[in-house]
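Have a look at the structure below, then the notes.
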Amino acid sequence: MGTVFIARLYCAERLCDSSFEAIVEVLARIDRLMSVYHASEITGINAVAGSKAYLQPVSPETRDVLVAAHEIARLSEGLFDPTVLPLLKAQRLFREDFPVEVSPAGREAVLAALSLVDYRELVIKDHLAGLRRKGMALDLGAIAKGYSLDLITKKLKELQISAFVLNFGGQLAVFGVSETTQIYDPLTPDRLLATCTLTSGSLSVSAQDKRFVMHAGKRRGHLLNPKTGESEDKTTLALVYHSSAMQADGWSTALFFSHGDEFRRLADGQKIAALHVTENNAPVLSAAMQKSQICRPAR
C-alpha cells in the first residue's frame, strides 16, 4: 500500500508471532484486492468502466469498502470521492510521480479529469460493482488503509490479544492500552497543535506533508479537492477520531477540504469527533471532539 505499518502487541511470544503473521495476511489480501498499482479487483473495475460489462464481481471486502466510500461521499457532499484517480493522474500526483519535479497540469486537462469524478456513477449491486462512464477510475487509498486496520483489530481480538497499538502510515488503531500522541503542524514542525490520548478506536490525520511533488521549488500535496480538481493549500490538517478506522480514514480526507462553517456543519451534523486547522490559525474542534476530550489543543 506504499506506506509503513508498525504494530505493538501485548502478548506471549508464541501468540505474538502468530498474530504478526495474521497481520501480514490481512495486509496482503487487501493489497491484492484493492491496489491501483497492480492487477486487482479495483483495476479490473477501472479497465471496463463505461462498457457493457462495467459491473464486475467483487469480494465481500471490496464491496464493504465501496459501500462505505459511497456513503461518506454522499454525506460529505462530495468532499470525499473514491473516483478521484483521473485527477491524481492528470495532476501528476499518482504514486509513480513521487518525489520528482513535475509541472502542474493545464486547466483544460484538470477540467477533463474533473468531469470524470463523480461518486454517483459508482454502482454497487449485490456482489457486483462498477463505474457507468468510460474513463472513470476508482482509488480507495483514502479509505482502504482504515479498513485494513479494522480487519486487523477484529482479528487480534479474535486471537485474544489483550492490548495493541497499530500505526499504519500515521493512522493509529488502539485497544486495551492508553496511547498518547502529539499532533504537530506539518508546515511548522515545532508548533504543537494538540495532544490526543486513545484507549480504543482510531485516529486519522490528513495533511499534505508526506506525499507531494515539486514544481519551481514549491510543493504540491497529493490531496486533491474532488470539487475543484486542485491541490488544497488552505488547510494545514484535519484529524478524526472514530471507533471505526475506516470511517476515521475517509472522514479525515473529506473534512480536510471543508472550511469555516462548512467544517462545523458537516462534522457536527454527522457527530464526527474532528479537529481542523488552517494555516497559522488555532485548531477548531467539532462538538463531538470537545465532548470526548480525546484531543486537546495546545495552549
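Just check segment 152-204 against the gyration tensor rule for me: Cα atoms, a ≥ b ≥ c as the square roots of the eigenvalues, rounded for a/c under 1.5, and otherwise prolate or oblate depending on whether a/b exceeds b/c.
Values: a/c = 4.18, a/b = 2.43, b/c = 1.72.
Verdict is prolate for segment 152-204.
May I ask you to give the average projected area over all directions of the convex hull of the Cα atoms of segment 112-243, in nm² rounded to one decimal?
Taking the Cα atoms of segment 112-243, their convex hull projects to 11.0 nm² on average.
Grab the beta carbon distance between Arg132 and Ala47, set R0 = 22 Å, and tell me the FRET efficiency rounded to 0.05.
Computed FRET efficiency for Arg132 and Ala47 comes out at 0.90.
Extension gain, Val123 to Asp64, is 19.9 nm, computed as 0.36 nm per intervening residue step minus the present C-alpha separation. Just name one of Leu27, Pro226, Ala298: the one whose Cα is farthest towards the positive end of the charge dipole of the chain (beta-carbon charges, Lys/Arg +1, Asp/Glu -1). In the chain, that residue is Pro226. Taken along the Cα-to-beta-carbon direction at a fixed 7 Å, the label points for Arg32 and Ala12 span 3.0 nm.
For the chain, the Stokes-Einstein estimate of translational diffusion at 25 °C and a viscosity of 0.890 mPa s comes to 124 µm²/s, using the Kirkwood hydrodynamic radius over alpha-carbon pairs. Holding the Cα-Cα limit at 24 Å, pick out from Lys89/Lys227; Lys125/Lys155; Lys52/Lys125; Lys157/Lys271; Lys154/Lys227; Lys125/Lys227 the pairs that are longer than that. Violating the 24 Å limit, Cα to Cα: Lys125/Lys155; Lys157/Lys271; Lys154/Lys227; Lys125/Lys227.
Spin-label model, Lys291/Lys154: points 7 Å from Cα along the beta carbon direction are separated by 2.7 nm.
Just how large is the dipole of the chain about the Cα centre, in debye to the nearest 20, putting +1 at every Lys and Arg Cβ and -1 at every Asp and Glu Cβ?
Numbers: 34 positive and 33 negative charges, 65 e Å.
Its charge dipole is roughly 320 debye.
Straightening the chain between Ala298 and Ser115 buys 61.8 nm, computed as 0.36 nm per residue apart minus the Cα-Cα spacing.
Sorted from largest to smallest, which semi-axis lengths in Å does the alpha carbon gyration tensor of segment 1-147 give for its equivalent ellipsoid, taking the root of 5 times each eigenvalue?
Working: eigenvalues 180, 81, 36 Å².
Over the Cα atoms of segment 1-147, the ellipsoid semi-axes are 30, 20, 13 Å.
The calculated FRET efficiency for the pair His259 and Arg107, based on their C-beta separation and a Förster distance of 25 Å, comes to about 0.70. Counting only the Cα atoms, segment 163-297 fills a convex hull of 105 Å³ per residue.
Each value in this text was obtained by applying a stated rule to the coordinates, not by laboratory testing. Keep in mind that what you see is a predicted model, and the values were worked out from it rather than measured. Because the Cβ atoms are built from the backbone with ideal geometry, glycine has one as well, and the counts that use them run over all protein chains shown.
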